[in-house]
Amino acid sequence: MKSRLFKNISTLSRFIFKKDRFKMALWIVGIVGFTLAVAVAFPDLYRTAAERQQLAASMVNPAVTALVGRGYGLDDYTYGAMMAHQMLGMTTIIAGLMNILLVAKHTRADEEAGLTEMILSLPSGRLSTMGASMAVMAVLNSIMAVAVGLGLFSTGIESLDLEGSLLYGAVIGAIGLFFAAVTALCAQLTESTRGTIGLSIAVLGGAYLIRAAGDVSNETLSWFSPIGWVLGTETYVNNYWWPIILTLAATLCIAVLAFYLNTIRDVGAGFFPSKPGRMTASLFLRSPFGLALRLQRSSLVFWTLGIVVLAVTYGSVLGETEIYFEDIEFMEEFLPVMEGVSLTDQFLAVLMAVMAIIITIPALLMILKLKGEEKNQRLESLFSLPVSRIRMMGSYLLLAMLSSVFLLLVSGLAMGSMGVAVIEEAELAPFITSSLVYLPAVWVMLAVTALLIGFLPKYTGLIWLYLGFSFMTVYFGDLFQMPGWLTGLTPFDHVPGMPVDEFNFMSAAVMIIVAVTIGAAGFFGYLKRDIHG
Amino acid sequence: MSVISAKGLTKNFGKFKALNGVNLEVDKGEVYGFIGPNGAGKSTTIRVLLGVLKATEGKAEIFGMDAWSEAVEIHKRIAYVPGDVNLWPNLTGGEVIDLFVKLRGGSQRRKREELIDRFKLDPSKKCRTYSKGNRQKVALVAAFSSEADLYILDEPTSGLDPLMERVFQECVKEAKNEGKSILLSSHILSEVERLCDKVGIIREGKMIESGTLEELRHLTRTQLHVETREPSPGLVKIPGVHNLQKNGRAATFQVDSEKLEDVISYLSSYGVLKLESAPPKLEDLFMRHYKGENSGPVGEGG
């Protein structure tokens, strides 16, 4: 029975390794390199124990806890404790993403492309393709775990001891494998690659949000999230290994369920039924704009939900800001006390900037869809119709702009309604204006994307680097003491941090003019170039 | 009046010359067959005509308007079916048809339903579940249910079964009878022979032959199979005879169309017992161009 179900699994495993070796190597080198780079940078950034303690204190606030997780060993904030606190939570997400994308490719994407059918027509077992994927991921995550562990230990930094380092690697490997199994399960449930990746990422996002909400409010809640489990190892501080065992056991159960479902379903089918579709198009799907919205409707809904949850989480902690910040002397460095301005307002201004950058992601995705459509050869048919280039790009740009207005509004509203509830004498309006003030900056980002689509369609990915840089400057600009000319390169730096700063009409007007100019140039390029499909 | 007029179209992709001075002329009410192997430049030519690609050199006009700068105006009157129909996986076939028809302007509900019925398409299915043939049906229904003056069809039947191919050919004939013009790129030479008034052959980015089928037939050869009472030794010496295969008193060979008279008068003196001739086929012409000028046609006797 066993040999029948898994026949040729080793050949298929080697084939996956061969096929994806570069992609896999890039992920591992990326994750290991990123982890080590930060580990090596910490001793330079925070030389003394006193500096580290200062940092520890600044980290103890609900927003940071929601973002990176609850810290352990904060009273003796060693480099190890810093790594486990500030880096590990984020790295679990990246490891999760790596596994989701790779496994979705090996399972549902191959099945959708008809490759699984080809393999099954050869003398290979029914479970061999998925089994091979799981085997490869087990090896891959083990390599990653050991590489991270030994790598961290080999830095020789004090407090990065062998056991802690290996546990640190094991956390990343275990959570990675967990999401490999989750993806294998989702691949059984949904009928498309899109659905598999979407559902798996929803599980990953859900795990993160439950952990975030739990860490801020109720510890028990965090134990409903696998990310909560692995962070509960208290790596480098108490080095508990049992959460790793728990995670691996859960992984095994999910994988067995996925294998079972795979044996009882038809090739190409999923367990979630696909509804029969519409015979005719609705009135609304009759223009390029309608099409653009229709194609991204579910993505927009998903992002809206995520942003509401995040904004509500942030809003719920605002009431406690004063209590958290009052006792900490050097908080003055992090958020210098300003005359007539409450700490809550200062903190709110930082949150708004972070939310604006997060909201820029879906807005960019909306306009980048135009490039994706071209890459998938779907534009040619539309451009054979009386649809002008301006109308086409304009539709996607308009959708992106409207989405950014909508999401900034929703974000301000969600954070505000929570804030009004927890802060005394707070009003809703300042939340909304503080959020919407970022609109010109988001639009500059959209205009730059339009410019790339118009002139450098192969390099539209550069916009993510720009956004990443923007995030670094806004979030860490003061901490890393970046020079003004450098931070000035991102539009977000020119937005007044309301409610602390006054609304600046000039800066908003200048940014809108810049956006219009760059955007117009993008349209010009798009009008002049070939459409490659 | 010419509906499509392309002169000296050249298109470079980096160093690669995809088109090298392509000329193409399609008149009103004409079905033009555009043939050539994969990678010869058929789709590139069509994309230039659609204004999706900009010609490096040359001029392309449709309805007397520039294909690049007046694309939108032109597209109100044309319908296009690509060879590789890529649709949105999460929209249904019916939704896509409506979107295309609506964007072109002027919807014909009755025609749409009739075509869906004729092509036996289930419009309620998501496009991701369609086979290549079904995706092509979606594009064909969208194209033929709109009021276009010019149809540009790029290998539209490559995924259709023979029954659906026939439905397609009926659609083309109906459009032609209504005075519409059609540019049909195809690999299926019998289809081109059946439908087209004019044919153009493209090879490595150049038009190497174009004209009416009648004109082109003069360039090609007739396949003959004869049996004579007496052996005919001199056959091999007659100019214009190719690929001669003799088997006793039987001979199979091809002859240049203009030398047919000489061959028949030579053979008649040997007492013809049996004479079978196959008409010159487009396939022979096509193969001759593609296999190089030296080798003979490979048509079947009939």
GluC sites (Glu not before Pro) within segment A:344-441, DSSP loop, no more than 15 other Cβ atoms inside 10 Å
A:424, A:425, A:427
Quick one: net charge of residue B:57's neighbours, Cβ under 15 Å, K/R +1, D/E -1?
+3
Assign one of three labels to segment A:465-533, namely rounded, prolate or oblate, based on the Cα gyration tensor with a ≥ b ≥ c the square roots of its eigenvalues; rounded applies when a/c is under 1.5, prolate when it is not and a/b is larger than b/c, and oblate otherwise.
oblate
Ratio of the protein assembly as shown's C-alpha Rg to 2.2 N^0.38 Å, to two decimals?
1.20
Cα gyration tensor shape of segment B:92-193, rounded if a/c is under 1.5, else prolate or oblate by comparing a/b with b/c
oblate
Which of the DSSP-defined H helices in chain A satisfy a minimum axial length of 30 Å, computed from C-alpha atoms, and a minimum mean Kyte-Doolittle hydropathy of 0.0?
A:9-45, A:128-154, A:162-189, A:193-216, A:242-263, A:288-317, A:343-375, A:389-422, A:505-528
Using 0.36 nm times the number of residues separating residue A:521 and residue A:263, minus their current alpha carbon distance, what extension gain do you get?
87.4 nm
When the Cα centres of segment A:502-517 and segment A:69-85 are compared, how far apart do they sit, in Å?
42 Å
Estimated dipole of segment B:2-216 in Debye, rounded to 20 [Cβ of Lys and Arg +1, of Asp and Glu -1, Cα centre]:
760 debye
Suppose each label sits 7 Å from its Cα in the direction of the beta carbon; what would the residue A:36-residue B:274 distance come out to in nanometres?
8.2 nm
Interface call, segment A:252-281: threshold 20 Å², probe 1.4 Å, accessible heavy-atom surface of protein chains, chain by itself vs complex, result A:277, A:278, A:279, A:280, A:281
Compute and list, largest first, the equivalent-ellipsoid semi-axes of chain B from the alpha carbon gyration tensor, each √(5λ) rounded to a whole angstrom.
43, 23, 16
Length added when fully stretched, residue A:142-residue A:298, from 0.36 nm per residue minus Cα-Cα:
52.6 nm
Taking a ≥ b ≥ c as the square roots of the Cα gyration tensor eigenvalues, with a/c under 1.5 meaning rounded and otherwise prolate when a/b beats b/c, else oblate, which class fits segment A:73-206?
prolate
The long-range amide H neighbours of residue B:209, using H built 1.01 Å from N in the peptide plane and a cut-off of under 5 Å, are B:201
Per DSSP, loop trypsin sites (Lys or Arg not before Pro) in segment B:141-240 with at most 11 further Cβ within 10 Å:
B:229
Roughly how many Å² is the accessible area per residue of the protein assembly as shown, as a whole number, for a 1.4 Å probe?
44 Å²
Computed ³J(HN,Hα) along segment B:75-83: with the Karplus parameters 6.51/-1.76/1.60, θ = phi - 60°, integer Hz and x for glycine or proline, the list is 5, 5, 10, 10, 10, 10, 10, x, x
Subset of B:132/B:176; B:102/B:198; A:371/A:528 violating a 24 Å alpha-carbon distance limit:
B:132/B:176; B:102/B:198
If I take R0 = 22 Å and measure r between the Cβ atoms of residue B:76 and residue B:13 in this structure, what FRET efficiency does the formula 1/(1 + (r/R0)^6) give, to the nearest 0.05?
0.15
Taking residue B:15 as the anchor, which aspartates and glutamates have their alpha carbon closer than 20 Å to its alpha carbon, excluding any fewer than eight residues away along the same chain?
A:530, B:57, B:204
Magnitude of the Cβ-charge dipole (Lys and Arg +1, Asp and Glu -1) of segment B:111-154 about the Cα centre, nearest 20 debye, reported as 400 debye
Among A:134, A:124, A:106, the residue whose Cα sits farthest towards the positive end of the charge dipole of segment A:90-166 (+1 at Cβ of Lys and Arg, -1 at Cβ of Asp and Glu, taken about the Cα centre) is A:124
Two-site label geometry, residue B:84 and residue A:480: point separation in nm, points 7 Å out along Cα→Cβ:
4.1 nm
At a 1.4 Å probe radius, carbon and sulfur cover how many percent of the accessible area of chain B?
48 percent
Within 10 Å of the Cβ of an average residue in B:45-58, the count of other chain Cβ atoms is 3
Alpha carbon centroid spacing (whole Å) that separates segment B:140-169 from segment A:167-199:
43 Å
Among the aspartates and glutamates, which fall within straight-line cross-link reach of residue A:18, defined as a Cα-Cα distance under 19 Å, with same-chain neighbours fewer than 8 residues apart omitted?
A:110, A:111
If you roll a 1.4 angstrom probe over the protein chains with everything in place, what fraction of the accessible area of segment A:104-189 belongs to carbon and sulfur, to the nearest %?
69 percent
Full extension between residue A:118 and residue A:502 adds, at 0.36 nm per residue less the Cα distance, a length in nm of 131.8 nm
By how many degrees, 0 to 90 and rounded to 10, does the Cα axis of helix B:93-104 deviate from the longest principal axis of chain B?
80 degrees
If R0 = 56 Å, then residue A:50 and residue A:377, at their Cβ-Cβ distance, give a FRET efficiency to the nearest 0.05 of 0.40
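The values are calculated or read from the model by the stated rules, or taken from the named source; none is laboratory data. Predicted model only: the values in this text are computed from it and were never measured. Because the Cβ atoms are built from the backbone with ideal geometry, glycine has one as well, and the counts that use them run over all protein chains shown. Side chains are part of the model used for accessible areas, which takes the heavy atoms of the whole protein and leaves out ligands, DNA and RNA. Shrake-Rupley method; radii C 1.70, N 1.55, O 1.52, S 1.80 Å.
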